[in-house]
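The values are calculated or read from the model by the stated rules, or taken from the named source; none is laboratory data. Everything numeric in this text was worked out from a predicted model, so none of it was measured. Because the Cβ atoms are built from the backbone with ideal geometry, glycine has one as well, and the counts that use them run over all protein chains shown.
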Amino acid sequence: MIKTLQALLIGWVIDFFADPKEENYLLACITAAGLCLTLIIATLLLHISIFATQKIGMRMRIATNCLIYKKVFVNIDSCLKGLLK
């Protein structure tokens with residue numbers, strides 16, 4: 001949705017520069033400010049989603065490593081018990 005809005009705002013700014021009129025200057029400034037605002041919002045949302053994805057990935061990695069180490073230690077323990085008997 002934000003990308004679509006950015007495309008529309010860029011189109012309006014380009015239209016202003018194609019036929020610059022004094023009465024459209026304020027609209028062009030407001031449109032440019034809106035474009036800057038949508039760029040900031042898109043960047044912040046992207047940063048937050050990437051951070052959350054990396055956090056979930058790290059938690060999954062820790063959980064799988066924990067399961068693997070538990071299994072290895074159980075196997076080593078049973079192997080050592082078999083050798084000591």
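Scanning the range 26-41 for residues that are modelled with pLDDT of 90 or more, touching a helix residue (DSSP H, G or I) at 6+ places or on another chain (Cβ under 8 Å) and hydrophobic (A, V, I, L, M, F, W, C) yields a count of 4. Residues in the range 1-25 that are among the aromatic types (F, W, Y) and surrounded by 15 or more Cβ atoms within 10 Å (Cβ to Cβ): W12, F16.
Assessment of the range 55-63 against the conditions (more than 32 Å from the chain's Cα centre (by Cα), of a type in the set (D, E, K, R), assigned to a helix (DSSP H, G or I) and on the phi < 0 side of the Ramachandran plot) yields no matching residue.
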